[in-house]
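The block underneath contains the structure these notes are about, expressed in structure tokens.
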Amino acid sequence: MQEPQSAPVAYLAAVGTALPGDPVDNGKLAKTLGVNDEWIDVFIGTRTRHFARDLDSGEVRWSLADLCAQAAERALTASRVAADEIEFVVMGTATPDHLMPATVNLVADLLGLDQLPTYQLQSGCAGAVQALDMGRTLIMGGGYRAGLVIGGDVCSKHLDLDRDLSDAPPSDLVNYVLFGDGAGAAVLTSEPRGQRLAVRRVLNRFTGLGREPGQVIDWFGLADRHEDRQAVREDYKAIEEFVPLIAEEILWELLEDLDWPSDRVDFLLPPQLSGHMTRRIAEKLRLPGAVEVSCVAETGNNGNALPFLQMEGLMDRMTEGQRALAVAVESSKWIKSGFALEKV
């Protein structure tokens with residue numbers, strides 16, 4: 001059911017994003033990896049992506065903290081909320097710069113923020129939604145007036161560019177062509193400011209009981225760093241099978257919870273796995289009249305940055321009274337997530 005008018009509401013005032021370097025197209029990536037660029041287009045359907053490291057030299061040019069701080073600065077500028085008004089920072093990521101210190105605290109330092117609570121959530125694609133959920137809860141029930149919600153990933157640091165991939169099976173090769181790097185941030189407020197998008201619902205639910213992980217990202221310590229295994233592994237067949245089904249469950253659960261008719265949703269932000277997968281899922285969700293907002297074919301799968309990139313593409317298109325639904329599925333251990341926005 002819809003909330004009463006007097007219930008506390010959290011609002012999205014603005015979104016900012018950061019993508020490192022120039023876009024890397026399939027031809028450039030295929031040449032670096034020694035694979036066929038037509039395979040990338042046919043199998044993945046992603047045209048470009050951005051990397052925090054230089055493909056030729058292997059040099060890491062941007063840390064995750066760098067990208068998240070850039071995104072947050074852009075969000076603050078767009079929102080016209082001053083940095084000294086920010087009362088908390090919540091960040092979701094699957095690829096922190098270090099195990100310690102938490103990357104969120106490096107970001108706060110870069111932004112000049114001090115003496116405020118910070119939280120870092122370790123999660124894949126759902127981490128951005130989990131961060132939004134926590135930020136919304138702090139605004140609605142914690143007495144906070146403004147905060148930053150951040151999500152981002154630098155996946156390229158886990159990929160071995162010196163590896164000979166000419167005979168690699170598709171299950172290994174997919175990680176080299178699927179992912180990109182990036183970050184996003186949103187300013188949440190207790191009163192309508194900036195873009196004035198009310199966050200009507202956030203869904204965040206573990207649904208992986210008894211299921212094998214669909215994706216694993218390993219940290220290597222001194223004792224196991226020389227083991228012959230990939231840092232990033234995916235069960236792409238399981239992802240292809242289950243993600244569309246889970247996405248549909250999320251969509252209809254949100255609609256029922258909100259009591260929104262399906263024909264009253266103006267924009268759909270579907271899961272951003274790859275160009276081809278996103279197209280398939282959007283077709284399966286079938287929201288009549290809803291405009292799809294997707295970015296993964298141009299940005300690559302940069303994990304927790306994706307919902308912010310989608311929201312950035314949504315911001316200037318929504319008019320008063322319009323509604324948007326976002327759906328995100330994390331396949332690492334299977335998490336349902338999504339959120340609903342309404343322009344006020």
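A few notes on this one:
- Among residues of the stretch 47-73 being touching a helix residue (DSSP H, G or I) at 6+ places or on another chain (Cβ under 6 Å) and either modelled with pLDDT under 90 or not in a loop (DSSP other than H, G, I, E, B) (or both), the one that is nearest to LEU113 (Cα to Cα) is ALA69.
Let's see how each residue does on (1) polar (S, T, N, Q); (2) closer than 24 Å to VAL327 by Cα:
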position	(1), (2)
ILE44	no, yes
ARG53	no, no
GLY58	no, no
TRP62	no, no
CYS68	no, yes
MET100	no, no
LEU110	no, no
ASP114	no, no
GLN122	yes, yes
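- Residue match in the stretch 181-194 (condition: surrounded by fewer than 24 Cβ atoms within 10 Å (Cβ to Cβ), under 15 Å from the mean Cα position of the chain (by Cα) and polar (S, T, N, Q)): no
- Scanning the stretch 40-60 for residues that are of a type in the set (A, V, I, L, M, F, W, C) and in contact (Cβ under 8 Å) with a residue 60 or more places away in the chain yields ILE40, PHE43, ILE44, PHE51, ALA52, LEU55, VAL60.
- Residue within the stretch 5-13 that is more than 22 Å from the chain's Cα centre (by Cα) and surrounded by 14 or more Cβ atoms within 10 Å (Cβ to Cβ) present: yes
- Every condition in (1) at pLDDT below 95; (2) outside any helix (DSSP H, G or I) holds for LYS157 except the one numbered (2).
- Counting the residues of the stretch 7-46 that are under 14 Å from LEU178 (Cα atoms) and in a strand (DSSP E or B) gives 2.
- Single residue of the stretch 74-116 satisfying the filter (acidic (Asp, Glu) and part of a helix (DSSP H, G or I)) that is surrounded by the fewest Cβ atoms within 10 Å (Cβ to Cβ): ASP84
- Checklist (1) closer than 29 Å to THR77 by Cα; (2) surrounded by fewer than 24 Cβ atoms within 10 Å (Cβ to Cβ) applied to THR299, failing item: (2)
- Here GLY112, GLY45 are screened, and the one residue that is more than 17 Å from the chain's Cα centre (by Cα) and farther than 30 Å from LYS237 by Cα is GLY112.
- So MET140, is it under 19 Å from the mean Cα position of the chain (by Cα), in a helix (DSSP H, G or I) and aliphatic (A, V, I, L, M): no
- Residue within the stretch 296-315 that is of a type in the set (Phe, Trp, Tyr), within 27 Å of LEU19 (Cα to Cα) and modelled with pLDDT under 90 present: no
- Here GLY275 passes the criteria (1) under 20 Å from ASN26 (Cβ atoms); (2) in contact with a strand residue (DSSP E or B) (Cβ under 8 Å, 6 or more places away or on another chain) except the one numbered (2).
- So VAL149, is it under 18 Å from the mean Cα position of the chain (by Cα) and modelled with pLDDT of 95 or more: yes
- Restricting the stretch 156-180 to residues that are among the small types (Gly, Ala, Ser) and out of contact with any Ser or Thr (no Cβ under 7 Å at 6 or more places or on another chain), the residue that is surrounded by the most Cβ atoms within 10 Å (Cβ to Cβ) is SER156.
- Residue ranges of strands (runs of 3 or more DSSP E) in the stretch 174-292 with at least 1 members closer than 29 Å to ASP22 by Cβ and modelled with pLDDT of 90 or more: 181-189, 267-269
- Single residue of the stretch 293-336 satisfying the filter (in a loop (DSSP other than H, G, I, E, B) and in contact with a Gly (Cβ under 7 Å, 6 or more places away or on another chain)) that is nearest to VAL177 (Cα to Cα): GLY300
The values are calculated or read from the model by the stated rules, or taken from the named source; none is laboratory data. Note that this is a predicted model, so its numbers are computed, not measured. Note that each Cβ is placed from the backbone with ideal geometry, even for glycine, and that neighbours are counted across all protein chains shown.
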